[in-house]
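Report on the structure given below.
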Amino acid sequence: MRTRLDQLVTSALQQGSAVPAFTCYDFTTALAVVGAAEESGRGVILLVAPKTAATPNGLRLIAALRGLADAASVPVAVQLDHASDLAVMADAVAAGADSVLADGSSLPYEDNIALVRNARALLGPDVVLEAELGGLAGDEDRAFGADEAGVSVAGLTDSAQVEDFVSRTGAGLLAVAVGNVHGKYKGEPQLRWDVLQDIAVRTHIPLVLHGASGIPAEELVKAASMNVGKVNFNTELRTGVLATLQEQLPAHRADGENLQALLGHWNRSAGGFATAALGMLTR
Ligand code: 13P
């Protein structure tokens, strides 16, 4: 069923839990995620990457996700993730996204604020806006981006900027950089709980933790107690699907090029991951 992303997240936080958000590059994954949410009776967020939304087929995917979300028996929101291009935001919303991460985190502070304000002016009051303060290392679409030269340099959220940033952007949710990275962590994740706590006392809007892949379940649960109401997964979902496809591919090629059965394995891998994430966040 259709839901406002901010309301979904706020009501989860009131119960001491966070809502998982999963990047969907394709409809098979989205079907699995929504199926898992329906089975667990919990709401969920479908994320669309900006590179996906920047293509005509990507906009068709958003329209399909909108239909899937509206027909679901649990609340489902569709969010354009990490967008910095206003035209892509407008196209994604026209196609059916009900929320946008207006991501100016790689810009100077004032330009970051201006991007979120421009997004609000363009998209109107009904679209839920997430904003990001602080820079996450890594590449949103590639697992090993944090290892490569040229990717954005990590910078922790400056908690002293939080009140000003939230009030001037009017953002409904705030993505933070507290030691989290996109893609695989080098070693164990080292979340800066002191910084997160300091952010949490400075704003009442829900916080968002990107780069949740690889963060232990108990730490995600602990983060929810510090007002982190949305956690974003991509890499771990892809790792599972790709490993499953690699393992199953030879047998299904031999079985008369059986793509339909292979898609069933894809669905079960993505659905199993989503079920586990929903379970760990809502216990
Ligand atoms: P991971 O790929 O590290 O799980 O991060 C996903 C994410 O933050 C999407 O916005």
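Suppose we keep just the DSSP beta bridges with both residues in the chain; what percent of those would be antiparallel, to 5? Could you put the intermediate results ahead of the total?
Numbers: 2 of 32 bridges.
Looking only at bridges with both residues in the chain, the antiparallel portion is about 5 percent.
Residue farthest toward the positive end of the dipole of the chain, with Cβ of Lys/Arg at +1 and Asp/Glu at -1: which of Leu278, His210, Asn234?
The Cα lying farthest towards the positive end belongs to Leu278.
Quickly rank 249-259, 86-96, 12-22 as a protection proxy: mean count of other C-beta atoms within 10 Å, highest first. Kindly include the intermediate steps, with their values, before the conclusion.
Details: 249-259: 11.4, 86-96: 19.2, 12-22: 21.2.
Highest mean packing first, the order is 12-22, 86-96, 249-259.
Just to be sure I follow: if Rg is taken over the C-alpha atoms of segment 57-124 and Rh is the Kirkwood radius over the same atoms, what is Rg/Rh? Walk me through the intermediate numbers first.
Working: Rg = 13.1 Å, Rh = 12.6 Å.
Reported Rg/Rh, Kirkwood definition of Rh: 1.04.
If we sort 156-163, 102-109, 126-133 on the protection proxy, mean other Cβ atoms within 10 Å, highest first, what's the order? The partial results should precede the final answer.
Details: 156-163: 17.2, 102-109: 18.9, 126-133: 23.8.
Put in order of decreasing packing, that is 126-133, 102-109, 156-163.
If we count other beta carbons within 10 Å of each Cβ, what is the order of Arg168, Arg117, fewest first?
Lowest to highest Cβ neighbour count: Arg168, Arg117.
Can you tell me which aspartates and glutamates have their Cα less than 17 Å from the Cα of Lys222? Leave out same-chain residues fewer than eight positions away.
Those aspartates and glutamates meeting the cut-off are Glu188, Asp194, Asp198.
Charges at C-beta only: +1 for Lys and Arg, -1 for Asp and Glu. How large is the resulting dipole of the chain about its Cα centre, in Debye rounded to 20? Mind showing how you got there, number by number?
Numbers: 20 positive and 32 negative charges, 101 e Å.
Rounded to the nearest 20 debye, it is 480 debye.
Quick one: pull the percentage of alpha-carbon pairs in segment 5-281 with a separation above 36 Å. If you can, show how the numbers build up before the last one.
Numbers: 3796 of 38226 pairs.
The answer is 10 percent, as a whole percent.
Straight-line reach from Lys51: which lysines fall under 23 Å, measuring Cα to Cα and dropping same-chain residues less than 8 apart?
Within the straight-line limit of under 23 Å, Lys51 reaches these lysines: Lys184, Lys230.
Using only Cα atoms, tell me the angle between helix 5-14 and the longest principal axis of the chain; keep it within 0 to 90° and round to the nearest 10.
That helix lies at roughly 80 degrees to the long axis.
Say each of Gln161 and Leu86 gets a label point 7 Å from the Cα, pointing the same way as Cα to Cβ; how far apart are those two points in nm?
Placing both labels 7 Å along Cα→Cβ, they lie 2.1 nm apart.
If you average 1/r over all unlike Cα pairs in segment 87-214 and invert the result, what Kirkwood radius do you get in angstrom?
Values: mean 1/r = 0.0660 Å⁻¹.
Here the Kirkwood hydrodynamic radius works out to 15.1 Å.
I'd like the projected area of segment 5-90, averaged over all directions, using the convex hull of its alpha carbons. Report it in nm² with one decimal. Could the numbers behind the result be given before it?
Values: hull surface 22.1 nm².
So the Cα hull casts an average projection of 5.5 nm².
Would you mind getting the Kirkwood hydrodynamic radius of segment 156-283 from its Cα pairs, rounded to one decimal in Å?
Result for segment 156-283, one decimal place: 16.5 Å.
Between segment 37-81 and segment 196-245, what's the alpha-carbon centroid distance in Å?
Centre-to-centre (Cα) distance: 19 Å.
In deg cm²/dmol, rounded to 500, what helix-only [θ] at 222 nm does the chain give when every DSSP H run of at least 4 residues adds -39500 (n - 2.57) and the total is split over its residues?
Using -39500 (n - 2.57) per qualifying helix, the result is -15000 deg cm²/dmol.
No value in this document is a laboratory result; all are computed from the given coordinates. Nothing here was measured: the structure is a model prediction, and the numbers come from that model. Note: ideal-geometry Cβ built from the backbone for every residue, glycine included; neighbour counts use all protein chains shown.
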